[in-house]
Structures are given as structure tokens and as C-alpha cells.
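Chemist: Submitted below is the structure of interest, expressed as C-alpha cells.
Values in this text are rule-based calculations from the coordinates and carry no lab data. As the structure is a computational prediction, the values presented were derived from the model and not from experiment. In this analysis, Cβ positions are derived from the backbone assuming ideal geometry, glycine residues included, and neighbour counts consider all displayed protein chains.
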Amino acid sequence: MVPARPQDMDLAAKLGRAEMRAALSHKTAAASATPGPCPVIATRRLVLRPHRLADAGAISESLGDFQVTRMLARVPQPYHRQDALDWLVPQVSGILPDWTLAITSGDDTHIGLVGIELRHDHWHLGYWLNRFYWGKGYMSEAVAAALERFFRRMPQTTVFSGAFADNLASLRIQKKLGFRIIDANQIFSLSRNAMAPHVETMLLPQDLRVITGQ
């Protein structure tokens, strides 16, 4: 049996006992399994695919926009093509257990990202979208499809996520998909170069809500 650590006790204070047992058992399973290679997923309007080095230009263009990066914790501003290449090299190498799916439109144009990565024995969801594609429902469509496929491969896994408190659109997406709020704190934003209020969330596989018309 895995002993409870301080961070597990903090989680227990926020969840009921049954939910805590489920989250910890899912966590133990996650630490000993991976979802396999990054897949290709087609939705009604999008294709999610593994990244390529050739995506560097589109990524740097999207993340060169402060309106995008201000909502991300670990992306610097300004953001250059070399930053994108430095990030892409390990992603395309196949050595990481993570899924980092490029969100592409019908002509294979890279317009955003959905990532599910293993950090400190937990799977974490992150995502962003080029600002010119906001307001079309693309982010909800892409995140829902990625989570549905991930849970098919990792059915005993809890996924953690979150958003800055002023990112209401992201919090709405997570609520719509079945995430629940488990904490609120402050974390450092590289692009803002400041601490900012942050909301922590969690999703159990059975709580994922399917988006119709996807």
C-alpha cells in the first residue's frame, strides 16, 4: 500500500473519503502505466495529431501573442521560434510518456495544443488556442476528444488541471466537461512575471461529460 504523503492529506481535506480513495488508486495506476503513443484523433471540425518540428513557426506565432500566453503559467513572453523548437525536440523524440496533441484545422494548419502530461505522479491537462480561433467552440471540442481517448487507454486515471482565476473561458470549459474545483492558490506566471490567483481542478474518468455534435 502506498503511504499517504502531506499533499495527499491536503487533497483528502478537500474531497470525501470515497473520492480520496478513488483519486489515490487512480494515481497509483497512473504512476505504473502510460497511455502509449500520441494518437491521431478526428473530430467534427478538427484533427488532433502528434507534433512535428515543422510546427515551430505556427507555435511561435500563436504564443507570441500576450493575450494567449498571459493565461499560461510556464510560457515566457516574448516567445520565439527557437523557444518552440526547444520545446518540440523532446516532444517529437518519443521518449516522453506525455500526449501533446497539435490542434489542426482542415488544411492541417496548427492552431493550438492539448497536452496531457505526467508530472510528479499525476496526469495534468493543459491547452491553448490561437486567439483568432477563440469563440468557435474549438477548444471544448479538442479537449473533450483528447480526454475521451486518454480515458479509453487509462480508465483508472485521475486528470488534474486548472486555470488562472481571470481565465473564465477556460474554467467554463472544464466545468462543462465535468471537472470539479479542489483548491485555489497563487502560482507564478512567466509571461506576466508575477504571481496570479489560480484555480485547481480534478476530473475522474466517470465524471467526463460527452459533448454532443463533436
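Chemist: Taking θ = phi - 60°, what integer Hz values does the Karplus form 6.51 cos²θ - 1.76 cosθ + 1.60 yield along the stretch 191-207, in sequence order, with x for Gly and Pro?
Modeler: 5, 7, 6, 6, 6, 9, x, 9, 10, 9, 9, 8, 10, 8, x, 6, 8
Chemist: For the stretch 6-207, what log10 I(q)/I(0) values come out of the Debye formula at q = 0.08, 0.14, 0.16, 0.18 1/Å, with one point per alpha carbon and no solvent?
Modeler: Results for the stretch 6-207 at q = 0.08, 0.14, 0.16, 0.18 Å⁻¹ read -0.26, -0.83, -1.11, -1.41.
Chemist: Let me understand the stretch 100-214 better: what is its radius of gyration from the alpha carbons, and its Dmax, in angstrom?
Modeler: According to the Cα coordinates of the stretch 100-214, Rg and Dmax are 14.1, 40 Å.
Chemist: Can I ask one more? When the Karplus curve 6.51 cos²θ - 1.76 cosθ + 1.60 is applied with θ = phi - 60°, which whole-Hz ³J(HN,Hα) does each residue of the stretch 96-104 get, with x for Gly and Pro?
Modeler: 9, x, 6, 9, 10, 8, 6, 8, 10
Chemist: Here is a follow-up. Could you derive backbone 3J(HN,Hα) for the stretch 123-131 from the dihedral phi with the Karplus parameters 6.51, -1.76 and 1.60 (θ = phi - 60°), listing whole Hz in sequence and x where the residue is Gly or Pro?
Modeler: Using θ = phi - 60°, the values come out as 8, 10, 9, x, 6, 7, 9, 3, 4 Hz.
Chemist: What spacing in nm lies between the two simple spin-label points modelled at V210 and L53, each 7 Å away from Cα in the Cβ direction?
Modeler: Taking the two extended label points, one gets 4.1 nm.
Chemist: If you put +1 on each Lys and Arg Cβ and -1 on each Asp and Glu Cβ, how big is the dipole of the stretch 6-207 around its Cα centre, in Debye rounded to 20?
Modeler: Once rounded to the nearest 20, the dipole reads 460 debye.
Chemist: A further question follows. Summing +1 for each Lys or Arg and -1 for each Asp or Glu, what net charge is found among the other residues whose Cβ lies under 14 Å from the Cβ of G36?
Modeler: The answer is +2.
Chemist: Using 0.36 nm per residue, how much length does the chain from Q67 to S105 gain when fully extended, once their Cα-Cα distance is taken away?
Modeler: Contour length minus Cα-Cα distance gives 11.6 nm.
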